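**Student:** First the structure, which I've put down as structure tokens, then a few questions once you've had a look.
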Amino acid sequence: MALTTWFWVGAVGMLAGTVLPIRDCIRYPSHRRYDLVLAGITGLAAIAYTTMGLGITATTVGDRTVYLARYIDWLVTTPLIVLYLAMLARPGRRTSTWLLAADVFVIAAGIAAALTTGVQRWLFFAVGAAGYAALLYGLLGTLPRALGDDPRVRSLFVTLRNITVVLWTLYPVVWLLSPAGIGILQTEMYTIVVVYLDFISKVAFVAFAVLGADAISRLVAADAAAPATTEPTPDGD
Ligand code: RET
């Protein structure tokens, strides 16, 4: 199967994933803020895959092809995933900000690594990996401490956080094996693996998030009951 076919598979899969939050929003209009973030995660990826299918953003770096749309997709949609987790855990603004900054930093370093060759790309990779360690620390340590007592919200957070941590950790590994890294995986294989990874890390995330609609209802109901007391609290750490 040609590479572009895989991009179109990605585009259709992401588009299908976008139907879930749209349906949820029609059913529960009060979930709108949450559903908009979810629809952005898959919807923007559908656009990115469409441009790749059309062959618009392929660039050559050294002897390899880099699909810029993929990195731009990650740059925009991985922060949306982190944002959604923060909307469940509700830490102070400082924590949300540094988590989002760490995420953008990782992807930016990955873009720099993808666009350079030789030793430089390893340096960028190492810097990105360090940023990723900080992000993991935030997702596994800092964010859970901010979670409230509601068991439904806690369980939805843990499910989505675990999907995220497990799947995201495969990206730097696959990147290392790709033509941009040590080159064990050829461009074709790398592309197929990333389409799968993107699909699961986005559509499974969105699907589980929508399945957890009752947890979102509880969060929204708690806000409605105590609108004035939901000022962001200062970080306790
Ligand atoms: C790079 C290289 C630099 C080091 C690290 C990386 C991590 C990438 C990640 C990507 C996640 C992408 C997702 C896409 C969803 O569609 C940039 C490969 C650590 C974590 C979740």
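The values are calculated or read from the model by the stated rules, or taken from the named source; none is laboratory data. Because the structure is predicted, anything quoted here is derived from the model rather than measured. Counting neighbours? That spans all protein chains shown, and the Cβs are built from the backbone with ideal geometry, glycine included. Ligands, DNA and RNA are stripped out before the accessible areas are found, and what is left, the full protein with its side chains, is counted by its heavy atoms. Shrake-Rupley method; radii C 1.70, N 1.55, O 1.52, S 1.80 Å.
**Student:** Considering only protein heavy atoms and a probe of 1.4 Å, how much of the accessible area of the chain is carbon and sulfur, as a whole percent?
**Tutor:** 70
**Student:** Binning at 10 Å from 0, report for segment 132-190 what percent of all alpha-carbon pair distances ends up in each bin.
**Tutor:** Spelled out bin by bin, segment 132-190 gives 21, 36, 23, 15, 5 percent.
**Student:** What full-extension length gain, to one decimal in nm, is calculated for Asp223 and Val119 as 0.36 nm per residue of separation minus the Cα-Cα distance?
**Tutor:** Difference between extended and current length: 32.3 nm.
**Student:** Evaluate the distance, in nm, between pseudo-label points positioned 7 Å from the Cα of Asp214 and of Ala129 along their respective Cα→Cβ axes.
**Tutor:** 4.3
**Student:** Compute the long axis of helix 118-137 from its Cα atoms, compare it with the longest principal axis of the Cα atoms of the chain, and write down the angle in degrees, 0 to 90, nearest 10.
**Tutor:** 20
**Student:** Follow-up. Excluding ligands, DNA and RNA, what is the solvent-accessible area per residue of the chain at a probe of 1.4 Å, expressed in Å²?
**Tutor:** I get 48 Å² per residue for this part.
**Student:** For the chain, set up a GNM with springs between Cα atoms under 10 Å and report which of Thr142, Thr97, Thr50 has the largest fluctuation.
**Tutor:** Of the options given, Thr97 has the highest mean-square fluctuation.
**Student:** Say each of Val19 and Leu147 gets a label point 7 Å from the Cα, pointing the same way as Cα to Cβ; how far apart are those two points in nm?
**Tutor:** 3.2
**Student:** What number results when the radius of gyration of segment 3-222, computed over Cα atoms, is divided by 2.2 N^0.38 Å?
**Tutor:** 1.03
**Student:** Follow-up. So how far, in whole Å, is the C-alpha centre of segment 125-173 from the one of segment 50-109?
**Tutor:** When both Cα centres are located, 15 Å separates them.
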